[in-house]
Amino acid sequence: MLRYWIGFNKVPGIGAKKLRALLDVCGSIESAWLATPAQMAEAGLDRRSAASLVELRQQLDLEAELHRVQRAGIEVLTWDDPRYPSLLKRIDAPPPVLFMTGSLATVDDWSVAVVGTRRATAYGRECALRLASDLARAGVTVVSGLARGIDAVAHEAAISAGGRTLAVLGNGLDRIYPPEHRQLASRVVDHGALLTEQPLGAQPEARNFPARNRIISGLSLAVVVVEGDWTSGAVITAKQALEQGREVFAVPGSILSPSSEGPNRLIREGATPILSAEDLLEALNLSKAAQQSAARQVLPTDPVETRLYDLLSSEPQHVDELRRAAGLPINVVTSTLALMELKGLVRQVGGMQYVVAREASATYRID
């Protein structure tokens, strides 16, 4: 079925929402690819999108496209693939297809994006290096965009610290942009993955990068903006993170430095200033990310955990409330919550009250 997903990835005008509507009407990806005009109309496809689908399925050799991807050693992750990143899948209209070289790991559930300007200052580089290094040592995966400047420093620092890193590209995986980062890209593959929603042959065009930035934030529990002006891609990534309900942190800088305009304004608008990786680890309850990852692999979720998790939200609930709602003995509730906290599923906020650990909420808006 991969060939149909790859085919839809190349159809102009049919993105995540329209494809989801087609799937709802047709029932499967193959049936959606072969949709009749009546089914397209029922799914709400406009005339141009429907015409694009009809035209492309007449022209495109799906088997050849699939073989082309496979020959390049690229994996294809779709909504139906259990390997599809869980954090990204929770955003509104996640990309239906991700192309990947490298591999994803359990620890990538604890990912943080470190982003910033291509024209990084010495101060910005040092901040990015320290933050990414310390996050990686704490077991947090560092996400960025493989761009010049802050992005490259973040990837390099995470790798040098013995951690994992994910790089999201705004072009096809058959080319590396910028070209001088080919060696860095190879190292990223060895210590994580390169990811993109762009098909093979896609150029690094400006219009691709807002979507690329949306994937960066979608893969991450939080976004850290190190440097960048107010119109930079880093600030755009922060805005998209807020729309996705993710946390935003910013590195404060000199009010005289154009490179610090973006982070400083984000802080003024309500972003959390970050002075060290420990600030972020504490705010997101990630101080034990490595242990949580190991626990998740050793201790699978059981029916009791599922029952308690379904009762929890971002609003604190006391263990006695949970005991009554779940109809379970108090010793079972407390011991299960302790295991769930180790896994990073829940968080105690004091007074034996618990919340869902990663149900982040945007605390401010950027106009």
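Within region 182-232, the only residue that satisfies the criterion of being among the charged types (D, E, K, R), closer than 19 Å to residue 129 by Cβ and in contact with a Gly (Cβ under 6 Å, 6 or more places away or on another chain) is 227. Can you confirm whether residue 122 is assigned by TED's automatic domain parsing to the domain that holds residue 34, among the aliphatic types (A, V, I, L, M) and without any contact (Cβ under 8 Å) to a residue 24 or more places away in the chain? Answer is no for this residue. Tell me which residues, restricted to region 141-160, are of a type outside the set (Ser, Thr, Tyr) and either assigned to a helix (DSSP H, G or I) or at pLDDT below 95 (or both). Answer for region 141-160, where residues must be of a type outside the set (Ser, Thr, Tyr) and either assigned to a helix (DSSP H, G or I) or at pLDDT below 95 (or both): 150, 151, 152, 153, 154, 155, 156, 157, 158, 159.
Taken over region 1-29, the residue count meeting the criterion of being assigned to a loop (DSSP other than H, G, I, E, B) and more than 29 Å from residue 203 (Cβ to Cβ) is 2.
Restricting attention to region 176-190, report how many residues are surrounded by 15 or more Cβ atoms within 10 Å (Cβ to Cβ) and not hydrophobic (A, V, I, L, M, F, W, C). Steps first, please.
Of the residues in region 176-190, the ones surrounded by 15 or more Cβ atoms within 10 Å (Cβ to Cβ) are 176-177, 181, 184-185, 187-189.
In the following step, the residues that additionally are not hydrophobic (A, V, I, L, M, F, W, C) were identified as 177, 181, 187.
Number satisfying all stated conditions: 3.
Listed residues 57, 71, 48; which is touching a Gly at 6+ places or on another chain (Cβ under 9 Å) and surrounded by fewer than 13 Cβ atoms within 10 Å (Cβ to Cβ)? Talk me through it step by step, then tell me what you get.
Values: 57 fails: surrounded by fewer than 13 Cβ atoms within 10 Å (Cβ to Cβ); 71 fails: touching a Gly at 6+ places or on another chain (Cβ under 9 Å).
Result: 48 is the single residue among 57, 71, 48 that is touching a Gly at 6+ places or on another chain (Cβ under 9 Å) and surrounded by fewer than 13 Cβ atoms within 10 Å (Cβ to Cβ).
Identify, please: which residue in region 46-77 is outside any helix (DSSP H, G or I) and in contact with a Leu (Cβ under 7 Å, 6 or more places away or on another chain) and is, among those, nearest to residue 6 (Cα to Cα)?
We begin by selecting, within region 46-77, every residue outside any helix (DSSP H, G or I); these are 46, 60-61, 72-77.
After this cut, where a residue has to be in contact with a Leu (Cβ under 7 Å, 6 or more places away or on another chain) as well, the list is 72, 74, 76-77.
Details: 72: 14, 74: 12, 76: 8, 77: 10 Å.
It comes out as 76.
Does region 30-45 hold any residues that are in a helix (DSSP H, G or I) and out of contact with any Gly (no Cβ under 9 Å at 6 or more places or on another chain), and which are they?
Taking region 30-45 and keeping what is in a helix (DSSP H, G or I), we get 30-33, 37-42.
30, 31, 32, 37, 38, 39, 40, 41, 42, listed by residue number.
The values are calculated or read from the model by the stated rules, or taken from the named source; none is laboratory data. Please read all numbers here as calculations on a predicted model, not as lab measurements. With ideal geometry, Cβ positions are generated from the backbone for all residues, glycine too; neighbour counts draw on all protein chains shown.
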